[in-house]
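Here is the structure we will look at, set down as structure tokens.
The values are calculated or read from the model by the stated rules, or taken from the named source; none is laboratory data. What you are looking at is a predicted structure, and each value in this text was computed from that prediction instead of being measured. Every residue, glycine among them, receives a Cβ derived from its backbone with ideal geometry; neighbour counts consider all protein chains shown. When the accessible area is computed, the model is the full protein with side chains, heavy atoms only, and any ligands, DNA or RNA have been set aside. Shrake-Rupley method; radii C 1.70, N 1.55, O 1.52, S 1.80 Å.
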Amino acid sequence: MNNHFLSYILWGGFFFMNNIVREANYIINTNKTIREAAKDLGLSKSVLHRHMNEALKVFDYGLYLQIKKIFFEHNKNRHIRGGEATRKKYSLG
């Protein structure tokens with residue numbers, strides 16, 4: 001973890017930690033992808049991904065492992081979702 005990120009975590013304090021836990025619980029409860037969750041939470045994909053992969057690992061490792069499992073499942077099924085999107089885009093209807 002770089003010093004910039006550590007200062008970012010410390011600067012945000014308790015409010016920052018609560019937001020990250022809230023975001024993680026939202027993903028766990030809804031089983032949404034990073035893209036879907038970021039849109040719903042009003043964050044960019046990169047910020048949400050950074051919160052889940054860097055900050056959450058520091059704050060709550062158990063929650064991080066749950067998120068990691070969900071992301072792994074999403075990555076396994078990504079090719080299926082991509083195929084559905086392509087089919088929908090080029091369908092005649």
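Miscellaneous remarks
- Among the candidates LEU56, LEU63, LEU41, LEU48, the residue that is closer than 18 Å to ASN75 by Cα and touching a Leu at 6+ places or on another chain (Cβ under 8 Å) is uniquely LEU48.
- Positions within segment 55-70 being within 11 Å of the chain's Cα centre (by Cα) and among the charged types (D, E, K, R), in sequence order: LYS68
- Considered as a group, the residues in segment 65-74 that are within 11 Å of ALA24 (Cα to Cα) and without any contact (Cβ under 8 Å) to a residue 24 or more places away in the chain include one that is least open to solvent (accessible area, probe 1.4 Å), and that residue is LEU65.
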